[in-house]
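Asks: One structure follows; several queries about it will come next.
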Amino acid sequence: MIKENLEQVNLKIADAAKNSPYGQDVTLIAVSKTKPASCIEEAYAAGQRDFGENKVQELCDKYEVLPKDIRWHLIGHLQTNKVKYVVGKTCLIHSVDSLHLAEEIERQAGKKGCDVDILIQVNISHEESKSGFDSSEVTGMIRQIAKLEHVHIRGLMTIAPLTDDKKLLRNIFRELKNLSIDIDELNIDNTEMSVLSMGMSGDFYEAIEEGSTMVRIGTAIFGERNYNI
Ligand SMILES: *Cc1c(COP(=O)(O)O)cnc(C)c1O
C-alpha cells in the first residue's frame, strides 16, 4: 500500500513539476509522524530516503533504529530546550521561527563542531495558531541569522491553511515564492534561497506549480494518522 501510494504521489509531483514555469526539481519528504518504524521501513524499501517528523523525541527514537542514510527533516515547532537533541541528526530544520532559536542551534552546533541547514518559517496566512515570521519581518531576521557561523539558511517554509479554496492557496504559495525571489536578489552572505518547502497532501500540486522545491506529504503516503498515539 505504502509503495503504491508513493508511486502515485511521485507521478503527481512529476506532473505538477512539468507545469511549473520555474523548471525546479522537487524533493518529496515523506511525513512519518505518529507512524511506526515499520511504515518507514516499507517506504525506505521502495526507495524513499527523505522523512519528516514534527516531534523531537519521535525523530530521535526513529533515528536510533532506522538506516543511517535516511535524511531526517524536522518540520514541527522546535523548542529551544530540545535543540541539543536534534543537532547533528537532521538534514534540514524547516521550522526556525525566532532569532533565539537560531542562536541556540548555533550554540549546540558549535559544541558539536557541525553545521546545521535551516529554513525560515513564514506565516504567510497570518494565522494566530501558526508559528513563523510575518512576511515583513523576514528579511531583517535573515540578516541577523545569517551572521551565525554554523547555521546556514537554505530557504523558506510555510504551512498553508486547511482549506479547499485553491485560489487562496495559490496566492499564499505565490507570496512565499515572491518573497524568496526578493530575498535572493539581496545576495545576503551565508544565505541561499534554493529551497521552498511548501505543499502537503491536500495542496502539493498547486504548491509545485507555484514553485515549491520540497513537498511534505504524510496522509497521501501513510494514510490517516491516529492522533491518540
Ligand atoms: C503533518 C505535517 C505535514 C503533512 O501533512 P499531510 O496533510 O498528512 O500531508 C506537512 N507539514 C507539516 C509541518 C506537518 O506537521
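Asks: Restricting the search to segment 170-196, which residues are among the aliphatic types (A, V, I, L, M) and either under 16 Å from VAL31 (Cα atoms) or within 16 Å of the ligand (Cβ to nearest atom) (or both)?
Replies: Of everything in segment 170-196, those that are among the aliphatic types (A, V, I, L, M) and either under 16 Å from VAL31 (Cα atoms) or within 16 Å of the ligand (Cβ to nearest atom) (or both) turn out to be ILE172, LEU176, VAL195, LEU196.
Asks: Another question, then. Quick check: anything in segment 111-119 surrounded by fewer than 19 Cβ atoms within 10 Å (Cβ to Cβ) and more than 26 Å from ASP61 (Cα to Cα)?
Replies: no
Asks: Hey, can you tell me all the residues within segment 156-206 that are free of Cβ contacts under 8 Å to residues at least 40 places away in the same chain, under 23 Å from THR219 (Cα atoms), surrounded by 14 or more Cβ atoms within 10 Å (Cβ to Cβ) and polar (S, T, N, Q)?
Replies: Once the filter is applied, which keeps residues that are free of Cβ contacts under 8 Å to residues at least 40 places away in the same chain, under 23 Å from THR219 (Cα atoms), surrounded by 14 or more Cβ atoms within 10 Å (Cβ to Cβ) and polar (S, T, N, Q), segment 156-206 yields only SER201.
Asks: Only one of these is among the basic types (Lys, Arg), open to solvent by 70 Å² or more (accessible area, probe 1.4 Å) and more than 15 Å from the ligand (Cβ to nearest atom): LYS82, LYS55. Name it.
Replies: Result: LYS82 is the single residue among LYS82, LYS55 that is among the basic types (Lys, Arg), open to solvent by 70 Å² or more (accessible area, probe 1.4 Å) and more than 15 Å from the ligand (Cβ to nearest atom).
Asks: Among the residues of segment 116-170, write down those that are over 20 Å from the mean Cα position of the chain (by Cα) and among the hydroxyl-bearing types (Ser, Thr, Tyr).
Replies: Selection gives SER136 alone.
Asks: To continue, here is another question. Give the residues of segment 29-52 that are open to solvent by less than 10 Å² (accessible area, probe 1.4 Å) and either out of contact with any Gly (no Cβ under 8 Å at 6 or more places or on another chain) or within 20 Å of ILE105 (Cβ to Cβ) (or both), sorted by residue number.
Replies: ILE29, ILE40, ALA43, PHE51, GLY52
Asks: Step by step: first the residues of segment 127-139, then only those that are farther than 13 Å from GLU175 by Cβ and small (Gly, Ala, Ser), then the one that is least open to solvent (accessible area, probe 1.4 Å). Which residue is that?
Replies: SER131
Asks: Hey, among the residues in segment 135-170 that are farther than 19 Å from GLU104 by Cβ and aliphatic (A, V, I, L, M), which one's modelled with the lowest pLDDT?
Replies: Result: LEU162.
Asks: Every residue in segment 197-219 that is more than 6 Å from the ligand (Cβ to nearest atom) and assigned to a helix (DSSP H, G or I), please.
Replies: PHE204, TYR205, GLU206, ALA207, ILE208, GLU209
Asks: Which of the residues that make up segment 84-97 are farther than 15 Å from HIS152 by Cβ and more than 16 Å from the chain's Cα centre (by Cα)?
Replies: LYS84, TYR85
Asks: Mind checking which residues of segment 145-164 are more than 16 Å from the ligand (Cβ to nearest atom) and in a loop (DSSP other than H, G, I, E, B)?
Replies: Taking segment 145-164 and keeping what is more than 16 Å from the ligand (Cβ to nearest atom), we get 145-154.
Correct list: ALA146, LYS147, LEU148, GLU149, HIS150.
Asks: For segment 100-111, state whether one or more residues are of a type in the set (Gly, Ala, Ser), in contact with a helix residue (DSSP H, G or I) (Cβ under 8 Å, 6 or more places away or on another chain) and at pLDDT 95 or above.
Replies: Yes, segment 100-111 contains a residue that is of a type in the set (Gly, Ala, Ser), in contact with a helix residue (DSSP H, G or I) (Cβ under 8 Å, 6 or more places away or on another chain) and at pLDDT 95 or above.
Asks: Same structure, new question: Name the residues in segment 1-25 that are part of a helix (DSSP H, G or I) and among the acidic types (Asp, Glu), would you?
Replies: Matches in segment 1-25: GLU4, GLU7, ASP15.
Asks: Got a sec? Which of ILE124, ILE142 is away from the ligand (no atom under 16 Å from the Cβ), surrounded by 15 or more Cβ atoms within 10 Å (Cβ to Cβ), more than 27 Å from ASP61 (Cβ to Cβ) and in contact (Cβ under 8 Å) with a residue 12 or more places away in the chain?
Replies: On the way: ILE124 fails: away from the ligand (no atom under 16 Å from the Cβ).
Among ILE124, ILE142, only ILE142 is away from the ligand (no atom under 16 Å from the Cβ), surrounded by 15 or more Cβ atoms within 10 Å (Cβ to Cβ), more than 27 Å from ASP61 (Cβ to Cβ) and in contact (Cβ under 8 Å) with a residue 12 or more places away in the chain.
The values are calculated or read from the model by the stated rules, or taken from the named source; none is laboratory data. This one's a predicted model, so the numbers in the text were calculated from it and none came from an experiment. Cβ coordinates were reconstructed from backbone atoms using ideal geometry, including for glycine residues, and neighbour counts include every protein chain displayed. Only protein heavy atoms, including side chains, enter the accessible area calculation; ligands, DNA and RNA are left aside. Shrake-Rupley method; radii C 1.70, N 1.55, O 1.52, S 1.80 Å.
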